[in-house]
1. For the chain, find the longest principal axis of its Cα atoms and tell me its angle to the long axis of helix 471-480, 0 to 90°, nearest 10.
2. Taking the alpha-carbon distance from Lys160 and a cut-off under 22 Å, which lysines remain once sequence neighbours fewer than 8 residues away in the same chain are dropped?
3. Under a point-charge model restricted to the Cβ atoms of Lys and Arg (+1) and Asp and Glu (-1), what is the dipole moment magnitude of the chain relative to its Cα centre, in debye to the nearest 20?
4. When the Karplus curve 6.51 cos²θ - 1.76 cosθ + 1.60 is applied with θ = phi - 60°, which whole-Hz ³J(HN,Hα) does each residue of region 433-448 get, with x for Gly and Pro?
5. Which of the peptides 222-235, 19-32, 268-281 is most tightly packed, and how do the rest follow, going by the mean number of other Cβ atoms within 10 Å of each residue?
6. Relative contact order for the chain: what percent, with Cα pairs under 8 Å and sequence separation of 6 or more?
7. Out of residues 5 or more away from Val429 or on other chains, whose amide H comes under 5 Å of its own, with H placed 1.01 Å from N in the peptide plane?
8. Can you tell me the 0 to 90 degree angle between the C-alpha axis of helix 398-423 and the longest principal axis of the chain, rounded to 10?
Amino acid sequence: TLSDITPDGVYVGDSLQVQATDLLLPGEGQSLLVLNGDFIVASPPMTRPLHGVVIPLTAQSRTRASFTLAPDKFGINPGDFVGEGTLENYTSGSEAMPSVPLTDLAIHVYSPVIDEFSPETVRRGQRVSVSGRGFVPTDAVGESATLVQLEGIFKTAAGKEISYQGNNAMLLFPEAIDGNTGLEVVLRVTVGVDGALEGLGLIPGTFMGTAYPELFFGSESFVGQGLDFTLTVAPQLQIVYVKFLPSFDESFHAFGLHETRNAVKERIVARCNRDYSAFNVQFVRERPEDYAEYSVIELSGQDPNGANLLGLDNTTGKDTNNLRFNDVVGGKNAETEEQGYYAYGGVFLESFLMFSPTISKGKTSLSSFRFDEIFSPFVPELGGSPATAGELTGGSRTPQVQEAVRVLGNLVGGTVAHEIGHSLGLAMVPSHEAEYHNLGDNPAWLMDSGNYRPFTERAEVDGDGPEVFSPYNFDYLNDILPKG
């Protein structure tokens, strides 16, 4: 017998409860709910006859089961089902055992609705949560989807107004969906047909308007109830996740600084943030959870290219104007390898031993006796004794340990900042935009070629450094990633 279906008011995607007797439990067979009647669509007004709508039930007990109101039952429009329901039990090798119909059955389906858009201040590449009811999943097989339609006026920080209304309304595609109550969208910027960037998140300003849920199912579409809101789009922020690989930690043994590696890592990130402090660029040690688009640079031990490189931006092509917001400087890039370049990118810690004239045996012009003076107390290959964690704060060698940590952090951090500069589109040399480095040897310019960046300048010792961006590099970064 079928006694009741609750609640009598639901959204598409809600779970309904069935009260009955003699339901089949999992493994025994299948209990089905069969509906017959009409669905009276509220908008646009129409009546859809429904005959033999079969719904498999999930039984929790002999007297209780549930089912989800998927869009293939009544569609995606709000309205009312009026009719009757029957239960049928199916077991292997037996005929259906139907119940007596439950008549005067009524189920009201509410219009889908958005009731929250969070956070209220966002940036390019940031994750945005959209809450509501009645969302349907993105399902290619089931031909269903929910988009977020934004209709209103966007006023740029410079005072220009852009209309997103009617046919020009903006559609945001969800990155993820949580049941029928939550969507996640990302403010992505794409390259338009004219080659220019476009999309919400590109230009700082304020959007004032309404966010609507737009549902699709097969050839049907329906726009639900919207939320009036104000969204502030902050200036673009390029986040760089500094990813320390296990081999990077292991290579600290070669410097005798394994026990102080965390202090070196802190100095690396601090050096990078200092170098880019005038721009909207932020280096972080933890993978950001609130952003879907951010850059990654990997720090590892040995150079897998076998070339003893300090670092390499192995991303594809010169990204002038930072069109890509999610570069990965690291791993293997088969495309760059196919073009005849080194395939593996990142920053490689053990290569920094080349600054030692003793270890490199004079094979590089960048070697400096100052490296041996600073690191020989700790580097085993130079006869040193590895530092302990306690020596960072107390002991006869504390000043030497702190200086070694500072210098190694500067060496690696400067290389990280240099390679990220490449991924942002540097160096932008006037009349030589295709160049990857500044031309010639310049005083402490970060984007000079490696041969023109001596040890003392990189390490910031003996009064050399700190490294800075050339005036035209500075102007370029200030143009694409202004502090705001």
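1. Approximately 10 degrees, to the nearest ten.
2. Of all the lysines, those that pass the test against Lys160 - Cα under 22 Å, at least 8 places apart if same chain - are Lys483.
3. 1020 debye
4. Each residue of region 433-448 in turn: 4, 7, 5, 9, 9, 4, 7, x, 9, 10, x, 6, 8, 4, 9, 5 Hz.
5. With the highest mean Cβ count within 10 Å placed first, the list reads 268-281, 222-235, 19-32.
6. Reported as a whole number, the value is 11 percent.
7. Glu435
8. Helix 398-423 and the main axis of the chain meet at about 60 degrees.
The values are calculated or read from the model by the stated rules, or taken from the named source; none is laboratory data. Note that this is a predicted model, so its numbers are computed, not measured. Every residue, glycine among them, receives a Cβ derived from its backbone with ideal geometry; neighbour counts consider all protein chains shown. Keep in mind that these areas ignore ligands, DNA and RNA; they rest on the heavy atoms of the full protein, side chains included. Shrake-Rupley method; radii C 1.70, N 1.55, O 1.52, S 1.80 Å.
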